[in-house]
Ligand SMILES: [Zn+2]
């Protein structure tokens, strides 16, 4: 028997990591307003690559944009008032949680929302929606990291992470490779 495909719902901060959608074995959903957030990000120049990846994923139906029905948005507004997260959540955040709830109730199966936003996590926990921040989950290991010196921008091998830059003496860090 074939298992029902997984559905992952992505927040803007997940798209901005630049991860490769093709290695994710799930159908991805988000809302049009989340894509708008990615577009207006202040790193727009750097994010052109990310927007290209998003467009390709939309064309191949790997990524689906959907506006949630109003009844689910109303429900999220009510619940976020109860948890105290109403003001911390943008309209786009509330729509994203509403979409997740709608997919969970209407399609069922393995549904999970990915975000690095604490208020989204809080509301999802109230609703019993599975939540994961990228860095707590296995997806993070699928990101290709670049090991680099934040000061002088020299690129290093993976083993050099957290060591000291031989050129300028700064601590060597990592970032998702675009
Ligand atoms: Zn350096």
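The values are calculated or read from the model by the stated rules, or taken from the named source; none is laboratory data. In this text, all values refer to a predicted model and were calculated from it rather than measured experimentally. Reconstructed Cβ throughout: ideal geometry from the backbone, glycine too, with neighbour counts over all protein chains shown.
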Of everything in region 81-97, what is in a helix (DSSP H, G or I) and within 16 Å of the chain's Cα centre (by Cα)? Give them in sequence order. 92, 93, 94, 95, 96, 97
Positions within region 34-50 being surrounded by 15 or more Cβ atoms within 10 Å (Cβ to Cβ) and not in a loop (DSSP other than H, G, I, E, B), in sequence order: 34, 35, 37, 38, 50
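Does residue 56 meet the test of being out of contact with any strand residue (DSSP E or B) (no Cβ under 7 Å at 6 or more places or on another chain) and surrounded by 15 or more Cβ atoms within 10 Å (Cβ to Cβ)? Before you say what the answer is, go through the steps one by one.
On the way: out of contact with any strand residue (DSSP E or B) (no Cβ under 7 Å at 6 or more places or on another chain): yes; surrounded by 15 or more Cβ atoms within 10 Å (Cβ to Cβ): no.
For residue 56, the condition - out of contact with any strand residue (DSSP E or B) (no Cβ under 7 Å at 6 or more places or on another chain) and surrounded by 15 or more Cβ atoms within 10 Å (Cβ to Cβ) - is not met.
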With the requirement that a residue be more than 10 Å from the ligand (Cβ to nearest atom) and either on the phi > 0 side of the Ramachandran plot or in a strand (DSSP E or B) (or both), what does region 143-154 give you? 145, 146, 147
Do you know which residues across region 98-132 are touching a residue at least 40 places away in the same chain (Cβ under 8 Å) and assigned to a loop (DSSP other than H, G, I, E, B)? 107, 108, 109, 110, 115, 116, 117
Find the residue count for region 16-33, including only residues that are modelled with pLDDT under 90 and assigned to a helix (DSSP H, G or I). 3
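Out of curiosity, is residue 95 loosely packed, with under 12 Cβ neighbours inside 10 Å, touching a residue at least 12 places away in the same chain (Cβ under 8 Å) and within 24 Å of residue 50 (Cα to Cα)?
Numbers: loosely packed, with under 12 Cβ neighbours inside 10 Å: no; touching a residue at least 12 places away in the same chain (Cβ under 8 Å): yes; within 24 Å of residue 50 (Cα to Cα): yes.
Considered against the rule, which asks whether it is loosely packed, with under 12 Cβ neighbours inside 10 Å, touching a residue at least 12 places away in the same chain (Cβ under 8 Å) and within 24 Å of residue 50 (Cα to Cα), residue 95 comes out as no.
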Somewhere in region 160-171, is a residue part of a helix (DSSP H, G or I) and within 16 Å of the ligand (Cβ to nearest atom)? yes
